[in-house]
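The values are calculated or read from the model by the stated rules, or taken from the named source; none is laboratory data. Keep in mind the model is a prediction, meaning the values are calculated, not measured. Neighbour counts run over all protein chains shown; Cβ positions are idealised from the backbone, glycine included.
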Amino acid sequence: MPLDAFAQLEIEGMEGPLRVVQLSGREAICAPASFDVVLDAFGGDTNTVSAAPESLITKPAKISWTLLDGGERVFEGLVDAVEARDRGYNVRIVQTLALLADTKDYRVFLDQDAVEITREMFSEAGVELDVRVSRSLDKRAQCVQAFESNLDFVRRILAEEGISFFAPFGSRDKVVLVDGPSGFEDAPVGPLPVRERAGLDTGESVYGARLRKKMVPQRARLQDYDFENPGLDLTAETKVDGDALEVYEYPGQYRNPASGSALVKLRMEELRARRKVLTAATSCRALSPGHVVELEGPEGLQGRWLLLAVEHRASDRVAEGNDRYEAFFEAVPIDAPFRPARTPAPRVGGIQTATVTGPGGAEIHPDKLARTKVLLRWDRRRAEDDTSSAWTRVVYPPTTGGFFLPRVGWETVVSFHASSADEPLVLGRLYNGVAQPPNGLPGEKIVTAFGSSTTPGGGSANVVSMNDTAGAEGLAFKASRDYNERTENDKVTVITADDTWTVGATRKVIVGEVHDVGVAGAQSSTVGGNRTVNVNANMYIQAASESVMVGAARIFDIGGDSTTSCATLTRMVGAAKAETAIEHAKRQTTGAATVMVGGSCNMLAGANYGVNVMGARSEMVAAAKTIKASKFAQEVKGALVETLASRKVTAGGDRVEDFAATARYSIGGSAKLQGSNVVVKATGQIKIKAGGATVTITPGSITIDGEFKGSVDAQDDGDENYE
């Protein structure tokens, strides 16, 4: 019977008989199906169907053909291409999934696994997803679609996880994801016999079978590196049937040993997936990729086979008055896991630029490993914030450990690890029209600088700058606020000319052991306010001469002894001088000591006050001398000599003079003893001498010796004795 008697094509919006005269199509695992149909749009000599080719593009279409058991095989899709010809049209119908091959994008996915990414991509294309994946997939910190179509991107990341996909029998916009034999479907036919060639048998069979076997690797080894755990050995390996042929891959795209063990098994299954491939032709009209068909025939061919691809061919043999349908398929044994061959990720060559990002209001946004986040220049979907990328490692040129954290908004140069856009690396910073160099150029071209701006808000910076101007070379350090310096051992500073320190507030120097300052010339210190020197042990000052000038008060507070040793000591106090000793005060002068006080000199002792002079002591008072004491005692081991112009002693009460030995008063002028009652008492005798006369008084007598003149009218030139 004619072909159009069992094969029909329907296109939305196109009415009338569409006579199918030829049909061919290809369906395959991990690829969208497509069919080419040749239509005769004329019935007899009359033009019964007419449509502009461009009006058919993207129209829904359905191809169907009758099965031998009376059932129907249906393929639904969209019109992808139309070619008008003399008597009709050549039409290409494709699966909706094929539209993903017509789009190319640059896109970043964060913290999603391959299935989650695929679901998002297919959903946007209107494709339903049936997931039959048994293995738990690792989430990808960052997965980038770059320089590839949407279909190629999805196919690549699924193959990396060992996942196949196919369109189930009779579906329109549905795709099944499979990672094991149990996810595929049995063909809707019974066992098919394998024959040598097509014969007159009207039943369905397989013929022209060819079994291809090839040598495949027997050992697989993967290696990777985890920078967060650099000492971890991530080697993963597996082998089957010996180890003569080995495949080694780096990087293996995993970060822990468990993932490596799972992936190396997938890689081995991928390498061995096509070690045995069956190709054959069949008259069965119901086969589709993803079907598992059972064959009956010679040894080596019987068993269950997974169909990987099916090509359909049907033509109208008008001369013979019947049709001819034939299909060709490719299959592998179902007892071994099938893994699709991977396609390499696009190589992102060279370098690109990106913008450093962070959450709102943040000027610096690193993690504990000094990584940052960036917005890739071609990313048109993600916001310029903390969600723009995964954490991105930064190259820090000082190999000894120094670093400059990138600031949010900086334009940076990025490269990519292993040429994959999944792992960008920040190499450095670029200035642009907004973020210009800190020094005015080209005027400041002789200045090289390293610095960092104050954050948040800016306004100042910490800067190390070098001026290379000949004759005015300089190195400058600028701290926008605090400046801290630490030396773990010795520090030596050599200055061949002047050294100037200007401190706006307080300067504090703490020395753990010895502080030694050597000045070859003069040293001058000017203190505008107070100066305090605290010495916990001894303080020693050695100088050829020393002058201390104090404009106001000078106070010495000494917890222990104070000793001044000098040849000559001269102190001049312009006003008052006060010395307070809490316990003892001692001065020792090996030579002479002179204290000159221009005004008053007051000495105040809280308890006793003693003056001990090893030799003679001389006291010279130009005016009056006053001694006030509750009691006054003088102890002189030798003679006490007083030389006075005049002397007056006034006692508010009794006055007692007690002499252990002889007491003698020698008066150059007159002496007068006056009182209401005067008592002169001696235990032995009293002698009074005046001129040539002597009066001797004993307990028993009074004797006057010498010339005596009394107040009576009598005169005696001899000695008188009264008993």
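Scanning the range 22-54 for residues that are surrounded by fewer than 19 Cβ atoms within 10 Å (Cβ to Cβ), at pLDDT 85 or above and more than 26 Å from residue 151 (Cβ to Cβ) turns up just one, 22.
Total residues in the range 256-303 satisfying the condition of being in contact (Cβ under 8 Å) with a residue 12 or more places away in the chain and either assigned to a helix (DSSP H, G or I) or farther than 18 Å from residue 191 by Cβ (or both): the figure is 24.
Restricting the first member to the range 666-679 and to residues that are under 19 Å from residue 656 (Cα atoms) and of a type outside the set (Lys, Arg), and the second to residues that are part of a loop (DSSP other than H, G, I, E, B) and modelled with pLDDT under 75, the beta-carbon pairs closer than 8 Å and six or more apart or on different chains are 671/665. Just wondering, is there one or more residues in the range 484-501 that are in a strand (DSSP E or B) and within 30 Å of residue 407 (Cα to Cα)? The answer is no, given that none of the residues of the range 484-501 is in a strand (DSSP E or B) and within 30 Å of residue 407 (Cα to Cα).
State all residues of the range 127-146 that are assigned to a strand (DSSP E or B) and touching a residue at least 60 places away in the same chain (Cβ under 8 Å); if no residue qualifies, say none. Break it down into steps so the answer makes sense when it comes.
Within the range 127-146, the first condition is being assigned to a strand (DSSP E or B), and the residues that meet it are 128-132, 140-146.
Passing the criteria: 140, 141, 142, 143, 144, 146.
With 158, 68, 78 as the choices, which residue is outside the structural domain of residue 34 (by TED's automatic domain parsing) and either among the basic types (Lys, Arg) or in contact (Cβ under 8 Å) with a residue 12 or more places away in the chain (or both)? Answer to the check: 158. Restricted to the range 676-712, and to residues there that are surrounded by fewer than 10 Cβ atoms within 10 Å (Cβ to Cβ) and among the basic types (Lys, Arg), the residue that is modelled with the lowest pLDDT is 709.
Residues that are over 18 Å from residue 263 (Cβ atoms) and touching a Gly at 6+ places or on another chain (Cβ under 9 Å) within the range 332-349 comprise 333, 334, 335, listed in sequence order.
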